[in-house]
Amino acid sequence: MGASCCKGEDKSSASTEPKICNKCKEQIKGGVLTALEKTWHPDHFCCNECKNPITENTFKTKEDLPYCTPCHTKLFAPICKACAQPITDKCVQAMGVNWHEDHFVCEDCKTKLIGQQFMDVAGIPRCQKCYVAKHADRCKGCSKPIPDKAIVALDAKWHQMCFRCSKCSKPIMKDQSFQVEAGKPHCVKC
């Protein structure tokens, strides 16, 4: 969250009242800095982390405490999974972590994944095309990738239409019973 401050003499109608510094609690004579609805000696308005005076016209706050931009970034900015650097602009949250918008890409083809379907392969994002081509399980019947649902039988994965009776060649559906002879499936009829 950004905030701004005003430096200089207070010329308002309440200027006859003495201004008290929020830090040292002494009367302010000369330049007054107004920030966070309080008044400060200009050199007493300091970053809550590094304790250096905040000289920027805009600064950051967290729980109503002031921070210089570098300290705020170091302490509170999310870290990008791809480059391990703070994210100070748009942040993409996917797969339980944060990414710079330009770093949330398919690991294989480097296509941007924002607004696209993607697959999480061991914590690494992949576009659908690369997932199917390079990472999807292969069907034991036809050896092609299984991009969707699979039948798991005989210690392998199969497309639904590839899991067939080895005698009559009819598909054995997932809710049908089958027998195994010589490591091959047979429908109940055969």
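Set side by side, the residues CYS139, CYS165, CYS187 differ, and just one is surrounded by 13 or more Cβ atoms within 10 Å (Cβ to Cβ) and in contact (Cβ under 8 Å) with a residue 24 or more places away in the chain, which is CYS165. Considering only the stretch 169-177, I want to know if a residue exists there that is in a strand (DSSP E or B) and surrounded by 15 or more Cβ atoms within 10 Å (Cβ to Cβ). Scanning the stretch 169-177, I find at least one residue that is in a strand (DSSP E or B) and surrounded by 15 or more Cβ atoms within 10 Å (Cβ to Cβ), so the answer is yes. Do we have HIS159 as within 30 Å of GLY115 (Cβ to Cβ) and surrounded by 17 or more Cβ atoms within 10 Å (Cβ to Cβ) here? Considered against the rule, which asks whether it is within 30 Å of GLY115 (Cβ to Cβ) and surrounded by 17 or more Cβ atoms within 10 Å (Cβ to Cβ), HIS159 comes out as yes. All of LYS62, LYS74 fail the test of being in contact (Cβ under 8 Å) with a residue 60 or more places away in the chain and closer than 30 Å to TRP40 by Cβ, apart from LYS62. One residue alone among CYS130, CYS109 is loosely packed, with under 13 Cβ neighbours inside 10 Å, hydrophobic (A, V, I, L, M, F, W, C) and farther than 24 Å from GLU181 by Cβ, and that residue is CYS109.
Here, each number is a calculation from the coordinates, and none is a lab measurement. Note that this is a predicted model, so its numbers are computed, not measured. No Cβ is skipped: glycine too gets one built from the backbone with ideal geometry, and neighbour counts run over all protein chains shown.
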